[in-house]
Amino acid sequence: MSKISIGLRGWRFDEEEVFTEDDELRPLEELSEDTRKRLVRLSDIADSVCDACWLIHGDENIAECAPAEAVYGEPVAEVVVCGDHEDDLIYWFREEGGDRYAGDDEFRDAFHEWFLEGGRAPEGYEGIQHVETEPEDLPEPPEVDDEARREQWEATERKSMRDEELDLSQEYPGSDD
Ligand SMILES: [Zn+2]
């Protein structure tokens, strides 16, 4: 069974679970709980800006932020990063003890804290081989209506922050890489 990413690199799905033979996304009800959660979450975050860029530039300079290309961690506690900052995340995870937060609700906060304190991958660190397809070549996450989303997410703190970013990010001219 082949694994694919949807919307952003990082999270992987079983192609046969998620798509029909005609390459259509299956209805969410047919998917496992974990898969459904991630897909619903992706429909929220696939168009967001990179967390690390946002920590640097903030809402005031949201136009300076690169779009998210990859997602790590668990839904709602996930980190989304652009290609450049993906190396920092991988470095944190592998070399700075970030792996102890794998599967943990603290994942995002722990990375943000490290990054805000100046944590970065060393110059030239090859975090991940970018042989995978670019995000624009990945299948789109499903359209999820607000009602279905509310069934998934009780915690909305992150979501509301994201909503602001999404609204603001619609006008930005795109990544500079
Ligand atoms: Zn970034």
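Only the coordinates and a few stated rules stand behind these numbers; no lab work does. None of these values were measured; they are calculated from a predicted model.
Here are the numbers:
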read-out	value
Rel. contact order, % - alpha carbon contacts under 8 angstrom, at least six apart, region 3-123	20
For region 34-115: rounded, prolate or oblate by the Cα gyration tensor [a/c cutoff 1.5]	oblate
